[in-house]
Amino acid sequence: MQLTEEELGMLDGKYGKGTQIAMKIQVALGDVFNAERMVPVSRTHVALSNQEADLWFVEKMVNAGAKCRVSPTVNPGFNLEYFQCITKISKKDEETILRTRKAYKDVGATLTFDCTPYLEKNVPRFGEITAYSESSATPFINSVYGARTNRESAQSALCAAITGRTPLYGFLLDENRKGQVLVDVKAKIKDDFDYQLLGYAVPKKLKFKTPVFVNVPTSPSPAALMNLGAQLNTAGNVPMYHIVGVTPEARTVEDAFQGSDPENVITITEEDLEKVHDEITDPGGKIDFALFGCPHFNIDQVAHVSHLVDQKQLKVKLFIMTSSLTKELAHRMGYLDTLQAAGGDIVDDTCMDQPCWEFLYGKKGVTDSPKCAYYTKRRNMQFVIRNVDECIEAAMRGEI
Amino acid sequence: MTETFACHKVSEGIIEGDILLSSDDLCFYLVDPKTGVVIEKNHSLEGQSIAGKILVFPSGKGSSVVQADGMYQLKMSGKGPKALIIKYPDTVLVASSIIMEMPVVDKVDEQFYQQVKNGDHVLLDATNGHLQIK
């Protein structure tokens, strides 16, 4: 790979041991993917996870003296102070989250603790070269904004933040951004939830090819686009999609395929969505809780739930995970009061895949997010997956 | 009889071990770190242990966070695979493997895929890009 003098300096240790380790990893990555050179990145996001590998690597970089040249926003761990008020947090988990916070601060990250930085605080422009990790983020950056990122791991994104560079390959190159498979959506897409199922169903049929959707509604909400990307990238490794007439690199079908023919054409029917739904949901029955916000809910979604529970009483505990900014706004708008009066709450700076939810292990909940259900298998949490409205009805009845 | 196949280094290392084949893509987070048993529903390896195996599968999958966490936990518990033979490298799996020092190769001769069976004993030299079925 061709490196500039400055990049060679990083590799030789001229900028310290931490930068050297980061550059070494990036050169190895570049070699695997035949990158010709490095390119500067202007934005980064690190999918902090507050788990062993995450903490091990960021502390290793801090101890080696690394400091981010491009300060990344970061994913949530959990809101220690909030959970200490409602449940017991073990000494070990307390120590881990405090160490995680400190390490990311020391390495020079911006401690946003949210998984939707692309909606607020870290929003790229069209064509910008970036390095985002977090499965709902990469498709949004590539598809909705037309900015460019590979499907970074938390660690490779941190390396990019430290060196301010990324190897030039994959989705950073024009030719790799073209659509590969035409997805004709015969199923009726009625709401944001149907985008979850659509996103989950597609990788099963086309593997990890870049899909070009036709015949979906042409004014999907931000939540719909977020859901579609999050599930495409959970059920498979699909960090980019096109929707003809919606996303900026797909004004027309020809545009999306960059003039080539689709490698394949698939259809997604009502039955496909039903089948995927049956496959991922646990069976109904008595429920103990409702959990939303994987990815973090935006203010419109919070408002929607708030309207549904206004003046009503929930039978089971309901949590909405969101960013601290959205929580503050929800407070200002009165949504937080409404939710709390009904027996629910908003939790900021928190991911569902964290030990703070231990009080829900072994229990059954409802959620609108297949991604939430998928990753909590390890935590022995069961999820019935439904659209938000049905989830709320279930939370009021205590069963589904 | 020993047969040698060419392959391409993703992450360096030289190791010997027994083959375990997976027709499905793999997310290391959905493997129990205490036992190395795959816990993902409907996965072709569901209920089987990947501990100490040289794992052959098409590609990694799963979010950008959990692949590294899963791999790290398996490494720490000693229940991880010895090496990986993949078809489609992705950034997450590649970066995780390099950081965890897990030998990984791709671009293996098509011949290899036609011959290899579960339990075959293999010598994998990722660093120099070759692979032997013993």
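Of everything listed in (1) farther than 26 Å from A:Pro139 by Cα; (2) at the interface with chain A (Cβ under 7 Å from one of its Cβ atoms), the single unmet condition for B:Leu84 is (2). Out of all the residues in region B:10-22, is one or more modelled with pLDDT of 95 or more and under 23 Å from A:Arg151 (Cβ atoms)? Looking for residues that are modelled with pLDDT of 95 or more and under 23 Å from A:Arg151 (Cβ atoms), one finds at least one in region B:10-22, hence yes. Helices (runs of 4 or more DSSP H) fully within region A:237-356 that include at least 2 residues being modelled with pLDDT under 95: A:270-280. For B:Leu26, are the conditions met, namely being away from chain A (no Cβ under 11 Å) and at pLDDT below 95? Considered against the rule, which asks whether it is away from chain A (no Cβ under 11 Å) and at pLDDT below 95, B:Leu26 comes out as yes.
Considering B:Asp18, B:Asp69, B:Asp32, the condition of being buried (at least 22 other Cβ atoms within 10 Å of the Cβ) and either more than 12 Å from chain A (Cβ to nearest Cβ) or out of contact with any Cys (no Cβ under 8 Å at 6 or more places or on another chain) (or both) is satisfied by B:Asp69 alone. Annotation for region A:245-258: no member residue is within 14 Å of chain B (Cβ to nearest Cβ) and among the β-branched types (Val, Ile, Thr). Of the residues examined, A:Val62 is one that is more than 24 Å from the chain's Cα centre (by Cα), surrounded by 16 or more Cβ atoms within 10 Å (Cβ to Cβ) and of a type in the set (A, V, I, L, M, F, W, C).
State all residues of region A:174-215 that are surrounded by fewer than 24 Cβ atoms within 10 Å (Cβ to Cβ), part of a loop (DSSP other than H, G, I, E, B) and touching a residue at least 60 places away in the same chain (Cβ under 8 Å); if no residue qualifies, say none. Passing the criteria: A:Lys178, A:Gln180, A:Lys186, A:Ala187, A:Lys188, A:Asp191. Residues considered: A:Lys190, A:Lys186, A:Lys207. Of these, the only one that is of a type in the set (D, E, K, R) and within 14 Å of another protein chain (Cβ to nearest Cβ) is A:Lys207. Could you figure out which of (1) in contact (Cβ under 8 Å) with a residue 60 or more places away in the chain; (2) more than 14 Å from every other protein chain (Cβ to nearest Cβ) isn't true of B:Gly13? Evaluating B:Gly13 over (1) in contact (Cβ under 8 Å) with a residue 60 or more places away in the chain; (2) more than 14 Å from every other protein chain (Cβ to nearest Cβ) leaves (2) as the failure.
May I ask you to verify whether A:Ala161 is aliphatic (A, V, I, L, M), farther than 24 Å from B:Tyr72 by Cβ and part of a helix (DSSP H, G or I)? Judged against the criteria, A:Ala161 is not a match.
Counting only residues that are within 10 Å of chain A (Cβ to nearest Cβ), out of contact with any Gly (no Cβ under 6 Å at 6 or more places or on another chain) and of a type in the set (A, V, I, L, M), region B:93-110 holds 6 of them.
Restricted to helices (runs of 4 or more DSSP H) entirely inside region A:1-112, those with at least 1 residues that are modelled with pLDDT of 95 or more and in contact with a Gly (Cβ under 8 Å, 6 or more places away or on another chain) are A:17-32, A:52-63, A:91-107. Restricting attention to region B:35-66 and to residues that are in contact (Cβ under 8 Å) with a residue 24 or more places away in the chain and of a type in the set (Lys, Arg), the residue that is nearest to the other protein chains (Cβ to nearest Cβ) turns out to be B:Lys61. Scanning region B:35-63 for residues that are surrounded by fewer than 22 Cβ atoms within 10 Å (Cβ to Cβ) and either acidic (Asp, Glu) or on the phi > 0 side of the Ramachandran plot (or both) yields B:Gly36, B:Glu40, B:Asn42, B:Glu46, B:Gly47, B:Gly52.
The number of residues in region B:108-126 being closer than 15 Å to B:Thr4 by Cβ and part of a loop (DSSP other than H, G, I, E, B) comes to 5.
Here's the yes/no breakdown for (1) crowded, with 17+ Cβ neighbours inside 10 Å; (2) farther than 21 Å from A:Ile89 by Cα; (3) away from every other protein chain (no Cβ under 14 Å):
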site	(1), (2), (3)
A:Ala342	yes, yes, yes
A:Asp353	yes, no, no
A:Gly362	no, no, yes
A:Ser369	yes, yes, no
A:Lys377	no, no, no
A:Gln382	yes, yes, no
A:Ile385	yes, yes, no
A:Glu390	no, yes, yes
A:Met396	yes, yes, yes
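Quick check: anything in region A:152-167 away from chain B (no Cβ under 14 Å) and without any contact (Cβ under 8 Å) to a residue 40 or more places away in the chain? No, the conditions are met nowhere in region A:152-167.
The values are calculated or read from the model by the stated rules, or taken from the named source; none is laboratory data. Note that the structure is a prediction, hence the values are computed from the model and not measured. Please note: Cβ atoms are built from the backbone with ideal geometry, for glycine as well, and neighbour counts cover all protein chains shown.
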